[in-house]
Amino acid sequence: MVYAMKVGWSSILVAAMLLAVAVIAEAQQPKKIPLIGYVSGSGDSKTPGPQVEAFRQGLRDLGYIEGNNILVEYRYVEQGLDRVPGLVAELVKLKVDILVTTFTLATRAAKQATKTIPIVMGVARFTRELSGKRLELLKEAVPRISRVGVIWDGNAPGPTLGSKEYEAATNSLKLEFQPLEVRGSAPDLDGAFQAAAKGRVNALIVVRNRIIDRQSKRIVDFTIKNRLPSLWEGREFIEAGGLMSYSSDDPPNYRRLAYYVDKILKGAKPADLPVEQPTKFELVINLKTAKQIGLTIPQSVLYRADKVIK
């Protein structure tokens, strides 16, 4: 009887020891660090740009530290949109946990490349929907304009749609529309500039996309040299010398991408997460540029500006 009891206690002791070892082993197992794939339409590995920096800030705000409790593989388009499917394929091959795409072409490529990896598309920017409002603001800031040149990348569907919306807006405001379509990864801006001069445009609207964004300095230089008021679709171009822009406030939008990543990592179903709309829009005016081109912006417009660069 005593022997049997000893055997029972010994068994319990061994079982307890095995359980403790199992718990310790489980605790010592390294947790899998989530891997995120991010496809950026701007910047490069050396200068990621404000969009990527905003996303990184969003991760930090939620307690994620790159290289510690989250890993991010970045891919930059850089030289050509034809690279996008290949870049997305690279990330899929790495078996990333989530794909983050920041422009339409990358989103389409991601949807074609995988049916299992969640795709975060981000917050709607209302770039096209604001076309008419932008032109109204330009007309209010520069009442004398009569013929508006619109420059866009004819190879891209979004900007092509944007050009049509600006054309409709010029008609409604009784302005003349001068198309300045360019094509190619290194577009013929000289041809567009010559057409603008020949058409005697007295204001220029720039429809943004990755191709045109990379030419922004040349376009800014042209507008200042020819004393042309210019309207842009993002504040970064005004900080670089453009005259004025009206757009959604981009940094919060890109920080918000991190919110979606966090939700999915914590178990949320991507289909249950709605595409959000921006809540803040900003009018930015560069008074230094206005002075360079001999333009006085009405006080009524300046009072409405969210940021004035002097």
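The values are calculated or read from the model by the stated rules, or taken from the named source; none is laboratory data. Quick caveat, the model's predicted, so the values are computed rather than measured. All Cβ positions, glycine included, derive from the backbone under ideal geometry; neighbour counts span all protein chains shown. The area values use the complete protein model at the heavy-atom level, side chains included, leaving out ligands, DNA and RNA. Shrake-Rupley method; radii C 1.70, N 1.55, O 1.52, S 1.80 Å.
For Arg108, the conditions (1) under 30 Å from Leu71 (Cα atoms); (2) at pLDDT 90 or above; (3) crowded, with 17+ Cβ neighbours inside 10 Å are fulfilled apart from (3). Any residue that is open to solvent by 50 Å² or more (accessible area, probe 1.4 Å), small (Gly, Ala, Ser) and either within 22 Å of Gly234 (Cβ to Cβ) or out of contact with any helix residue (DSSP H, G or I) (no Cβ under 6 Å at 6 or more places or on another chain) (or both) - is there at least one of those in region 64-73? There is at least one residue in region 64-73 that is open to solvent by 50 Å² or more (accessible area, probe 1.4 Å), small (Gly, Ala, Ser) and either within 22 Å of Gly234 (Cβ to Cβ) or out of contact with any helix residue (DSSP H, G or I) (no Cβ under 6 Å at 6 or more places or on another chain) (or both).
Listed residues Asp61, Asp44; which is modelled with pLDDT under 85, surrounded by 12 or more Cβ atoms within 10 Å (Cβ to Cβ) and either closer than 30 Å to Arg214 by Cα or out of contact with any Cys (no Cβ under 6 Å at 6 or more places or on another chain) (or both)?
On the way: Asp61 fails: modelled with pLDDT under 85.
Result of the check over Asp61, Asp44: Asp44.
Of everything in region 112-125 that's assigned to a loop (DSSP other than H, G, I, E, B) and of a type outside the set (Val, Ile, Thr), which residue is least open to solvent (accessible area, probe 1.4 Å)?
Here is the first cut: in region 112-125, the residues assigned to a loop (DSSP other than H, G, I, E, B) are 114-118, 121-125.
Add one more test, that the residue is of a type outside the set (Val, Ile, Thr), and what stays is 115, 118, 121-122, 124-125.
Details: Lys115: 179, Pro118: 28, Met121: 89, Gly122: 8, Ala124: 32, Arg125: 57 Å².
Filtering region 112-125 for residues that are assigned to a loop (DSSP other than H, G, I, E, B) and of a type outside the set (Val, Ile, Thr), the one least open to solvent (accessible area, probe 1.4 Å) comes out as Gly122.
Among residues belonging to region 95-105 that are under 13 Å from Arg75 (Cα atoms) and modelled with pLDDT under 90, point out the one that is most open to solvent (accessible area, probe 1.4 Å). Once the filter is applied, the top-ranked residue is Phe103.
Looking at region 281-295, can you tell me whether even one residue there is open to solvent by 80 Å² or more (accessible area, probe 1.4 Å) and either assigned to a loop (DSSP other than H, G, I, E, B) or within 20 Å of Leu59 (Cβ to Cβ) (or both)?
Restricting attention to region 281-295, the residues satisfying the condition of being open to solvent by 80 Å² or more (accessible area, probe 1.4 Å) are 288, 291-292.
Now narrow it down to the ones that are either assigned to a loop (DSSP other than H, G, I, E, B) or within 20 Å of Leu59 (Cβ to Cβ) (or both): none.
No: region 281-295 contains no residue that is open to solvent by 80 Å² or more (accessible area, probe 1.4 Å) and either assigned to a loop (DSSP other than H, G, I, E, B) or within 20 Å of Leu59 (Cβ to Cβ) (or both).
Would you mind listing the helices (runs of 4 or more DSSP H) fully within region 200-280 where at least 1 residues are more than 20 Å from the chain's Cα centre (by Cα)? Give the derivation first.
On the way: elements: 210-213, 216-225, 235-239, 250-265.
Where helices (runs of 4 or more DSSP H) fall fully within region 200-280 and carry at least 1 residues being more than 20 Å from the chain's Cα centre (by Cα), they are 216-225, 250-265.
Flag set for Arg128, criterion: surrounded by 15 or more Cβ atoms within 10 Å (Cβ to Cβ) and basic (Lys, Arg). If you go through region 299-310 and keep only what is farther than 11 Å from Ala141 by Cβ and in contact (Cβ under 8 Å) with a residue 60 or more places away in the chain, you end up with Lys307, Ile309. Pairing residues of region 243-255 that are open to solvent by 10 Å² or more (accessible area, probe 1.4 Å) with residues that are part of a strand (DSSP E or B) and of a type outside the set (Gly, Ala, Ser), at Cβ distances under 6 Å and at least 6 apart in sequence or on separate chains, gives Tyr246/Leu283; Asp249/Glu282. In region 146-190, the qualifying residues are those that are among the aliphatic types (A, V, I, L, M), touching a residue at least 24 places away in the same chain (Cβ under 8 Å) and not in a helix (DSSP H, G or I), and the one that is surrounded by the fewest Cβ atoms within 10 Å (Cβ to Cβ) is Leu173. Evaluation of Gly80 against the conditions (1) modelled with pLDDT under 95; (2) surrounded by 20 or more Cβ atoms within 10 Å (Cβ to Cβ) shows that the sole unmet condition is (2).
Counting only residues that are touching a residue at least 60 places away in the same chain (Cβ under 8 Å), of a type in the set (Asp, Glu) and within 26 Å of Asn69 (Cα to Cα), region 256-298 holds 1 of them. Close Cβ contacts (under 7 Å, 6 or more residues apart or on different chains) running from residues in region 208-220 that are under 17 Å from Ser245 (Cβ atoms) and crowded, with 19+ Cβ neighbours inside 10 Å to residues that are charged (D, E, K, R) and at pLDDT below 95 comprise Arg208/Glu233; Asn209/Asp153; Ile212/Asp153. Residue check: Pro143 meets all listed conditions (1) surrounded by fewer than 22 Cβ atoms within 10 Å (Cβ to Cβ); (2) over 27 Å from Val284 (Cβ atoms) but one, namely (2).
Select the strands (runs of 3 or more DSSP E) contained entirely in region 28-111, then report the ones holding at least 2 residues which are of a type in the set (Ser, Thr, Tyr) and in contact (Cβ under 8 Å) with a residue 12 or more places away in the chain. First the steps, then the outcome.
On the way: elements: 35-40, 71-76, 98-101.
The strands (runs of 3 or more DSSP E) meeting that bar are 35-40, 71-76.
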